Amino acid sequence: MKEEPFNYDRRYPSVGDLKRKARRRIPKFAFDYLEGGCNEEVNLRRNEADLESIELMPQYLKRYAGMTMRTELFGHVYDAPFGIAPIGLQGLMWPNAPEILAGAALKHNIPYILSTVSTGSIERIAEVSRGRAWFQLYHPTEDRLRDSILDRLQAVECPVLVVLVDVPSFGLRYREIRSGLSMPPKMTFRNVVQAAVRPAWCMETLRAGIPEFATLKPYMERHMDMAQLGRFMNMTFTGRVDVDKIAAIRERWKGKLVIKGVVSEADAERAIDLGVDGIIVSNHGGRQVDAGESSVKSLLRLSSTYGKRLPIMVDGGIRSGPDIARVLACGARFAFMGRPFMYGVAALGRRGGDHTIGMLKAQFRQVMEQLCCENVADLAGTRIPAL
């Protein structure tokens, strides 16, 4: 049997294996924050179910000269057509998770997107990624704060700014409400007990320090308690992102600009009219609108109309190499994943990012070879239309 070309821990050959180990290694409140969706989590489940229903057709007798996963996006050639999606409070799930994942992304030449509300700062992640990390902006209510963040991004020469548009209000996530991680957050006795029975997580957290919103730290008062933190987040990020706000950013930001959270034709048209460089089709991992459609259904609609007008990327429910192939066959230029990489880091610590990327590369390579696709663009002709 031919050896896989990528190194990873063979004890954990799938995202499901990493998820099971992660559940055993981190406190329940941290796992619930990572895992949960909004309301009854219908859309969370729909993301995966609809993606699994996509079928692809191999052509075994086709002449085949080998394959490459390399994909060009925004002037850079990446080694694979997938990247690490932004996730808030990454250091809560595992200490120094942003640094671990940004470093692994650099090693493997794939994009890593830092969230405004993650636990690594703009400057630190730019250093770790050698200036290659993208940044996702939660648009602040004050233009002064927005401009300050943009100035910091320009100072580190961030290549791609991703503006999040699908959080006009915070989703009602029942798991977070029960655990005390909603806004305002609170630490309960139950959470203390849950942490105490995860000694590896506790020791790493003690070494790394209590996780904090590192990018936002310059704008926050020192020594905020939980209630004050909740008020700060609500005051700072409660507001709708509209065309005027995007236009102001487009005028100021000279790098590549991407809108994340586009699911409708109307918003895709607005994004194109505003001169953005790409869109990420996303339902926020099923964490905002439980009655919405899955990301892959939105992708199928939008890619057929707009795929030739600008790069369309996607996240939501992608858990494997076959899933990456599925969304690319549905018209995506690039796939992003959040939870799988956090499972990897929570399960394996500093080895988690490298392992998860290598594992997904091996899975995706096998699918491309099986389908007889010599390059990523060939996947567009493999999707079997639904009956």
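The values are calculated or read from the model by the stated rules, or taken from the named source; none is laboratory data. This is a predicted model, so every value here is computed, not measured. Glycine also receives a Cβ, built like all others from the backbone with ideal geometry; neighbour counts cover every protein chain displayed.
Please find, among Ser169, Ser179, the residue that is within 28 Å of Asn43 (Cβ to Cβ), in contact (Cβ under 8 Å) with a residue 12 or more places away in the chain, surrounded by fewer than 14 Cβ atoms within 10 Å (Cβ to Cβ) and not aliphatic (A, V, I, L, M). Break it down stepwise before answering.
On the way: Ser179 fails: surrounded by fewer than 14 Cβ atoms within 10 Å (Cβ to Cβ).
Answer to the selection: Ser169.
Of all residues in the range 151-167, those being in contact with a Gly (Cβ under 6 Å, 6 or more places away or on another chain), more than 17 Å from Tyr112 (Cβ to Cβ) and of a type outside the set (A, V, I, L, M) number 1.
Table: residues versus (1) out of contact with any Phe, Trp or Tyr (no Cβ under 8 Å at 6 or more places or on another chain); (2) surrounded by 18 or more Cβ atoms within 10 Å (Cβ to Cβ); (3) aromatic (Phe, Trp, Tyr); (4) at pLDDT 95 or above.
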| position | (1), (2), (3), (4) |
| --- | --- |
| Asp79 | yes, no, no, yes |
| Ile84 | no, yes, no, yes |
| Ala97 | yes, yes, no, yes |
| Pro111 | no, yes, no, yes |
| Thr119 | no, yes, no, no |
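Would you confirm whether any residue within the range 143-155 is in a loop (DSSP other than H, G, I, E, B) and either touching a residue at least 24 places away in the same chain (Cβ under 8 Å) or more than 17 Å from the chain's Cα centre (by Cα) (or both)? Steps first, answer last, please.
To start, the set of residues in the range 143-155 that are in a loop (DSSP other than H, G, I, E, B) comprises none.
No, every residue in the range 143-155 fails to be in a loop (DSSP other than H, G, I, E, B) and either touching a residue at least 24 places away in the same chain (Cβ under 8 Å) or more than 17 Å from the chain's Cα centre (by Cα) (or both).
Contact map, the range 243-258: first residue under 20 Å from Ile312 (Cβ atoms), second residue modelled with pLDDT of 95 or more and acidic (Asp, Glu), Cβ cut-off under 6 Å, separation 6 or more or different chains; pairs are Lys256/Asp277; Leu257/Asp277.
The residue that is surrounded by the fewest Cβ atoms within 10 Å (Cβ to Cβ), among those in the range 260-306 that are of a type in the set (Gly, Ala, Ser) and modelled with pLDDT under 95, is Ala291. Would you please list the contacts, defined by Cβ atoms under 6 Å and residues six or more apart or on different chains, that run from a residue in the range 58-73 that is under 30 Å from Tyr112 (Cα atoms) to a residue that is surrounded by 12 or more Cβ atoms within 10 Å (Cβ to Cβ) and hydroxyl-bearing (Ser, Thr, Tyr)? Final answer for the pair search is Thr71/Tyr78.
Only one of the listed residues (Ala102, Ala126) is under 22 Å from Met313 (Cα atoms), hydrophobic (A, V, I, L, M, F, W, C) and either at pLDDT 95 or above or in a helix (DSSP H, G or I) (or both). That residue is Ala102.
In the range 66-76, which residue that is surrounded by 10 or more Cβ atoms within 10 Å (Cβ to Cβ) and assigned to a loop (DSSP other than H, G, I, E, B) is farthest from the chain's Cα centre (by Cα)?
Met67
The residues of the range 168-199 that are closer than 14 Å to Cys38 by Cβ, in a loop (DSSP other than H, G, I, E, B) and either at pLDDT 85 or above or hydroxyl-bearing (Ser, Thr, Tyr) (or both), listed by number, are Ser169, Arg173, Ser182.
The residue that is surrounded by the most Cβ atoms within 10 Å (Cβ to Cβ), among those in the range 307-323 that are of a type outside the set (A, V, I, L, M) and closer than 22 Å to Pro168 by Cβ, is Gly316. Here the condition is being farther than 29 Å from Leu61 by Cβ and either of a type in the set (S, T, N, Q) or within 15 Å of the chain's Cα centre (by Cα) (or both); of Asn283, Asn375, it holds for Asn283 alone.
Within the range 103-136, work out how many residues are within 12 Å of the chain's Cα centre (by Cα) and more than 23 Å from Ser179 (Cα to Cα). So the answer is 7. Taking the criterion of being of a type in the set (S, T, N, Q) and closer than 16 Å to Val167 by Cβ, the residues of the range 265-296 that qualify are Ser282, Asn283, Gln288, Ser295.
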